[in-house]
1. Among residues belonging to the stretch 1-29 that are surrounded by fewer than 20 Cβ atoms within 10 Å (Cβ to Cβ) and of a type in the set (Lys, Arg), point out the one that is nearest to Phe239 (Cα to Cα).
2. Give me the strands (runs of 3 or more DSSP E) completely within the stretch 204-278, filtered to those with at least 3 residues that are more than 22 Å from Ala291 (Cα to Cα), ordered by residue number.
3. Only strands (runs of 3 or more DSSP E) wholly contained in the stretch 14-121 count here; list those with 1 or more residues that are more than 30 Å from Asp224 (Cα to Cα) and of a type outside the set (Lys, Arg).
4. Check whether at least one residue in the stretch 246-255 is closer than 30 Å to Leu22 by Cα and β-branched (Val, Ile, Thr), and report yes or no.
5. Among (1) open to solvent by less than 60 Å² (accessible area, probe 1.4 Å); (2) away from the ligand (no atom under 11 Å from the Cβ); (3) modelled with pLDDT of 95 or more, which single condition is Arg99 missing?
6. Looking only at residues that are within 11 Å of the ligand (Cβ to nearest atom) and under 26 Å from Met1 (Cβ atoms) in the stretch 44-63, which one is surrounded by the most Cβ atoms within 10 Å (Cβ to Cβ)?
7. What residue, of Ser172, Ser208, Ser189, is hydroxyl-bearing (Ser, Thr, Tyr) and under 26 Å from Asp93 (Cβ atoms)?
Amino acid sequence: MGYKVAVAGATGNVGREMLAILAERNFPADEVVALASRKSVGTECSFGDKTLKVKALDHYDFSDTDICLMSAGGTVSKEWSPKIGAAGCVVIDNSSAWRMDPDVPLIVPEVNAAAVTGFTKKNIIANPNCSTAQLVVALKPLHDAAKIKRVVVATYQSVSGAGKAGMDELFSQSRNIFVGDPSEPEFFSKQIAFNVIPHIDVFLDDGSTKEEWKMVVETKKILDPKIKLTATCVRVPVFVGHSEAVNIEFENEISADEARDILREAPGVMVVDKREAGGYVTPVECVGDYATYVSRIREDSTVENGLSIWVVSDNLRKGAALNAVQIAELLGRKHLKKAA
Ligand SMILES: NC(=O)c1ccc[n+]([C@@H]2O[C@H](COP(=O)([O-])OP(=O)(O)OC[C@H]3O[C@@H](n4cnc5c(N)ncnc54)[C@H](OP(=O)(O)O)[C@@H]3O)[C@@H](O)[C@H]2O)c1
């Protein structure tokens, strides 16, 4: 007997990927239910070669559902995840609502799978921010080898990380500029087409943004609280795929060649690193893939033990839907009573 799985936010960018990945990976589900807001009731979502009719989250009875993959935003998650958890269904949430709750594990299966056991306190497991997920997949094997002291990261984040509305604005703004009828930004704070914006999420008192703060605290929670990290998060006019320029300072010596060999063996990582034109991965090439790609691995001689790397991944997949489905697989294999 397989699981009953609900996807809440099934009509969104991440929800659609969740359904696609559940089908691609043959997740052992007897039934998959698509949930969204009331306005989407009766619309259809693809699930493999099937079509699911969307139901309303707030009319759904979770008592016989085993796992809810939640990607309906923080406000919905704050209200609904505790109720769903109390009904006996384990929530795997994509929003930032629960990530830093000490009673909620924050999981990237390649990095800290063992911490998932903490889910029983609230029946909620959190998925990290998209930029954090791909970063820690690349950092973990290097940390194990040479102990990371400090990380400086600049992100180049695609508009799909801001949901459907972000993709629509890049598309319509680009088209309007081409036809000579530029439109005012509505969703992003400045023009995103043919531009970059060094601002994601709200500003904090110290001048950083909440997106940058999330990368700091989530890396500590998932990987190691001793790692110092500073981030600059930038929105770029790319539809899907986040990139990161990462500078890492280690306690122990590690060469670029050693790092390349270690990363080649690391779970979830693909190394593409030829020192020639085109010998690296860009976001358009990672769309639809599961891997976190690492390129441009080189030593940084300005610190004692330093490396610089370039990290690219599909933010809707490893940054969100794939990671959530991997957590569901982990739960199914080890922690839920029902035999798959
Ligand atoms: N995009 C990324 O790279 C990424 C990465 C990590 C985490 N996340 C997080 O994942 C979540 C979803 O992101 P997204 O990019 O998929 O957003 P999105 O494309 O805007 O989709 C939002 C989804 O939430 C549903 N929803 C909204 N209000 C609802 C309500 N009151 N009740 C039930 N469903 C409701 C929407 O349904 P309707 O169509 O019916 O409105 C839609 O299915 C967010 O918390 C986001 O921060 C996103």
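1. Arg25
2. Those strands (runs of 3 or more DSSP E) span 228-235.
3. 29-36, 44-47, 50-53
4. no
5. Unmet condition: (2).
6. Looking at residues that are within 11 Å of the ligand (Cβ to nearest atom) and under 26 Å from Met1 (Cβ atoms), I get Leu57.
7. Only one candidate qualifies: Ser208.
This table checks each residue for (1) within 15 Å of the ligand (Cβ to nearest atom); (2) touching a helix residue (DSSP H, G or I) at 6+ places or on another chain (Cβ under 9 Å); (3) assigned to a helix (DSSP H, G or I); (4) of a type in the set (Phe, Trp, Tyr).
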residue	(1), (2), (3), (4)
Val152	no, no, no, no
Thr155	yes, yes, no, no
Ser160	yes, yes, yes, no
Gly166	yes, yes, yes, no
Glu169	yes, yes, yes, no
Gln173	no, no, yes, no
Ile177	no, no, yes, no
Glu186	yes, yes, no, no
Ser189	no, no, no, no
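The values are calculated or read from the model by the stated rules, or taken from the named source; none is laboratory data. Remember, predicted model here, so these are calculated numbers, not experimental data. Positions of Cβ are backbone-derived with ideal geometry, glycine not excepted, and every protein chain shown enters the neighbour counts. Heads up: the accessible areas ignore ligands, DNA and RNA and are worked out on the full protein's heavy atoms, side chains in. Shrake-Rupley method; radii C 1.70, N 1.55, O 1.52, S 1.80 Å.
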